[in-house]
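Quick notes on the structure that follows.
Read the figures in this text as sums done on the coordinates, not as results from a lab. Remember, predicted model here, so these are calculated numbers, not experimental data. As a convention, Cβ positions derive from the backbone with ideal geometry for all residues, glycine included, and neighbour counts pool all protein chains shown.
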Amino acid sequence: MASTRSFAVALLAASTLALSACSPAAGGGGSLTPTDQDAVRAVTTAESDAGGRAFELDSDDDQWQVHVAVGDREVEVRVTTDGTRAESSDDSEQLDADDDAALRAATTTLADAIRISAARASGGARVEEAALEQEDGTPVWKVEIAGGTTVRVSGVDGSVR
């Protein structure tokens, strides 16, 4: 029975994410702002460019830095502010064992964690950074929103903690 319940929760989370990703952005809280759309685009652009799975995002005035796990390597991809083009990448680091373990356990993606966080933040959130961490052996996305708000999204089922 527990596996059926887990499947139902996962299915509900997936359908909610799919609907939120496809729905048009409306004004006010709960919608992606252009910057959050740029953050999601930056993540998917970096994943496509590096051929792996993103686990960290940082922003500055000039670009996004997206850390992508590719096999046992960590590739940092620098992406334009609008998220449409990878400008450069550096794969000089071994993937940290904690990052690897968290990624293996996570089913919620970084792009989905950004979407979920933007939907939860009030007044049109602006994502500044995000990272996957382990809390009590469970993967959690910590998404930093402008103004000092942190949204914690379960890496297992996409729920907000």
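Could you give the length gained on full extension between V70 and A101, defined as 0.36 nm per residue of separation minus the Cα-Cα distance, in nm?
Extra length available between V70 and A101 comes to 9.8 nm.
In bins 5 Å wide, starting from 0, what share of all Cα pairs of the range 51-161 does each bin hold, as a percent?
Final binned percentages: 2, 13, 23, 23, 21, 14, 4, 1.
Quick one: which residues, 5+ away or cross-chain, put their amide H under 5 Å from the amide H of E135? H built at 1.01 Å from N.
Those lying under 5 Å, H to H, from E135 are V140.
Would you mind calculating the gained length between D90 and Q134 on full extension (0.36 nm times residue separation, minus the Cα-Cα distance), in nm to one decimal?
Fully extending the segment from D90 to Q134 adds 13.4 nm.
Among D90, D136, which comes first, second and so on when ranked by fewest other beta-carbon atoms within 10 Å?
In increasing order of surrounding Cβ atoms, one gets D136, D90.
Output the relative contact order of the range 84-161, whole-number percent, from Cα pairs under 8 angstrom with separation of 6+ residues.
28 percent
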